[in-house]
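The numbers here are math on the coordinates, done by the rules we state, and not lab data. Note that the structure is a prediction, hence the values are computed from the model and not measured. Positions of Cβ are generated from backbone atoms using ideal geometry, with glycine treated the same way; all protein chains shown enter the neighbour counts.
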Amino acid sequence: MTASLLISALIGYVLSTVAGLILLVTGKGMPRRAVTWGVLIHAGLAVMFLAGLAGLLPGDWIHVCFLVFCCTGMILSGLAMRGRIRGVLRVYFILYACSLVLFVASPSTLVRYITWHPVPAGADRLRVTGNIYLERQKALLPATGPQRFKLVQEFGIFHKTLERDLEFDFHISSLRLLEYRRDTLIRLRAYGIQAGVPDSADVSSDLVPDAVEKVRIEKR
């Protein structure tokens, strides 16, 4: 994802949300013809997006098309909640308003969805031991270099970050726990593929606060 597309996605989503809220308040008297045209434009963008999936759109236009498609859906959600759109279409457009929950919880995830950018290849969450997991760190822009992960410990719906910015130059497919001393030390080996060749790296993390050497990653 380019920086310009990222900025466009954030601005477009915020503006379409504001437009949807305005229509929620003022859209009662909107002419039926204008509502119909809005729905038809949204449907036309859906057709263009499907054409992009079939390879009929050049370059990155598929991402721009899906972004505009999602933004028009967000705008029309205001009319749907106002009652100007009825039936199954009303439920469909109201679902766009639910994306606000995802925007508040994880803006980066929402941006990936509304610009049609798949999650990078490789595992994003792997269990290490017990309630400790290795998770990919979220970022608004996809990483062009090493993949960054973090060690987290789960406590129900809450989690504690044990270590951040663990870098691997290959996509992780599996893990092996080498050593674990509760609240003291964790050593693991990550396996994956780099340029079609199997690769691995050992990670040693000192869980003691203010340790001099917190993390060590060694190639195998």
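When CYS70, CYS98, CYS65 are ordered from fewest to most other Cβ atoms inside 10 Å of their Cβ, what list results?
On the way: CYS70 24, CYS98 9, CYS65 20.
Sorted ascending by nearby Cβ count, the order is CYS98, CYS65, CYS70.
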**Fill in**
1/(1 + (r/R0)^6) with r = Cβ-Cβ of GLN153 and VAL47, R0 = 41 Å, i.e. FRET efficiency to nearest 0.05, evaluates to 0.30
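By the scheme Lys and Arg +1, Asp and Glu -1, what is the net charge of all other residues having a beta-carbon under 14 Å from that of ILE22?
Net charge around ILE22: +3.
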**Asked** If you place +1 on the Cβ of every Lys and Arg and -1 on the Cβ of every Asp and Glu, how big does the dipole about the Cα centre of the chain come out, in debye to the nearest 20?
**Response** 1040
**Fill in**
Residues whose built amide H sits under 5 Å from the amide H of ILE172, excluding neighbours closer than 5 in sequence, are ALA123
**Karplus-derived 3J(HN,Hα), 6.51/-1.76/1.60, for each residue of segment 33-43, Hz, glycine and proline x** = 5, 5, 5, 4, 4, x, 5, 5, 5, 4, 5
**Complete:** Nearest-0.05 FRET efficiency for VAL18 and SER106 at R0 = 22 Å, using Cβ-Cβ distance, is 0.60
**Prompt:** Kirkwood hydrodynamic radius (Cα pairs, Å) of the chain?
**Reply:** 20.4
**Request:** Mind pulling the angle between the C-alpha long axis of helix 88-97 and the longest principal axis of the chain? Nearest 10 degrees, somewhere in 0 to 90.
**Result:** 50
**Asked** With each pseudo-label sitting 7 Å past Cα toward Cβ, what's the ASP165-ARG181 distance in nm, one decimal?
**Response** 2.5
**Where Cα atoms sit under 29 Å apart: lysine pairs in the chain separated by 8 or more or lying on different chains** = 9
**Request:** Go ahead and estimate [θ] at 222 nm for the chain from helices alone: -39,500 (n - 2.57) per DSSP H run with n ≥ 4, summed, over the residue count, rounded to 500.
**Result:** -14000 deg cm²/dmol
**Request:** Starting from the amide H of VAL128, placed 1.01 Å from N in the peptide plane, find each other amide H under 5 Å away whose residue is 5 or more places distant or on another chain.
**Result:** TYR133, LEU134
**Message:** What's the whole-number percent of alpha carbon pairs in segment 3-114 lying beyond 15 angstrom?
**Reply:** 64
